[in-house]
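Q: Okay, here's the structure, questions in a sec.
The values are calculated or read from the model by the stated rules, or taken from the named source; none is laboratory data. This is a predicted model, so every value here is computed, not measured. Glycine gets a Cβ as well: all are built from the backbone with ideal geometry, and neighbour counts include every protein chain shown. Accessible surface is based on the protein model in full, side chains and every heavy atom, while ligands, DNA and RNA are left aside. Shrake-Rupley method; radii C 1.70, N 1.55, O 1.52, S 1.80 Å.
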Amino acid sequence: MLRDSVRSFTSDKIAPLADEIDKSNKFPRELWPQLGDLGVLGITVEEEYGGAGLGYLEHVITMEEISRGSASIGLSYGAHSNLCVNQIRRNGTDTSASAICPS
């Protein structure tokens, strides 16, 4: 179900922008709230902190499907969700974890 949802989102929202994003080197900021609405930002963060409460397998599935539409957006998503949010969750305090995924 996760794969199908992200694949559909990628097909509708990311793939049509991929060529222009790569040519212009413009960060697609408008996609991030949409990814949040899809429920994949904070994917490895517990639900009590506003995350999805899923694991690394789901993170990889999400990255794979986003990257099908645009490798550059996939890389940006990976940096956001794993290098940033997940590290704050793993190494931060309860206060910092709830600040990254406010309810």
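Q: Could you derive backbone 3J(HN,Hα) for the stretch 72-84 from the dihedral phi with the Karplus parameters 6.51, -1.76 and 1.60 (θ = phi - 60°), listing whole Hz in sequence and x where the residue is Gly or Pro?
A: 5, 5, x, 5, 5, 4, x, 5, 5, 7, 9, 6, 9
Q: Show the residues, 5+ positions off or on another chain, whose built amide H is closer than 5 Å to the amide H of residue 42.
A: Excluding prolines and chain starts, which carry no amide H, there are no hits.
Q: Also: Residues of the chain: accessible area per residue at 1.4 Å, in Å²?
A: Numbers: 6030 Å² over 103 residues.
On a per-residue basis, the chain sits at 59 Å².
Q: Would you mind working out the magnitude of the charge dipole of the chain relative to its Cα centre, with +1 at each Lys and Arg C-beta and -1 at each Asp and Glu C-beta, to the nearest 20 Debye? Show your work: numbers first, answer last.
A: Working: 9 positive and 14 negative charges, 56 e Å.
Dipole of the chain, to the nearest 20 debye: 260 debye.
Q: Starting from a Cα-only point model with no solvent, please compute log10 I(q)/I(0) by Debye for the chain at q = 0.13, 0.15 1/Å.
A: Log-scaled intensity ratios, in q order: -0.44, -0.58.
Q: Once phi is turned into ³J(HN,Hα) by the Karplus curve 6.51 cos²θ - 1.76 cosθ + 1.60 with θ = phi - 60°, what whole-Hz value does each residue of the stretch 16-33 show in order, with x for glycine and proline?
A: x, 9, 4, 4, 5, 4, 5, 6, 8, 6, 9, 6, x, 3, 5, 6, 5, x
Q: With label points built 7 Å along Cα→Cβ from the Cα atoms of residue 90 and residue 23, find their separation and express it in nm.
A: Result: 3.9 nm between the two label points.
Q: I would also like to ask the following. Work out how much length residue 12 to residue 79 would gain on full extension: take 0.36 nm times their residue separation and subtract the Cα-Cα distance, in nm to one decimal. Let's see the in-between values first.
A: Values: separation 67, 0.36 × 67 = 24.12 nm, distance 2.22 nm.
Length gained, residue 12 through residue 79: 21.9 nm.
Q: Quick one: net charge of residue 45's neighbours, Cβ under 14 Å, K/R +1, D/E -1?
A: -3
Q: Could you run the Karplus curve 6.51 cos²θ - 1.76 cosθ + 1.60 with θ = phi - 60° over the stretch 55-65 and give me ³J(HN,Hα) per residue in whole Hz, x for Gly and Pro?
A: The phi angles translate into x, 5, 4, 5, 4, 5, 4, 4, 4, 4, 5 Hz.
Q: If ligands, DNA and RNA are left out, what is the accessible area of residue 47 with a 1.4 Å probe, given in Å² to the nearest 10?
A: Near enough 140 Å² of accessible area.
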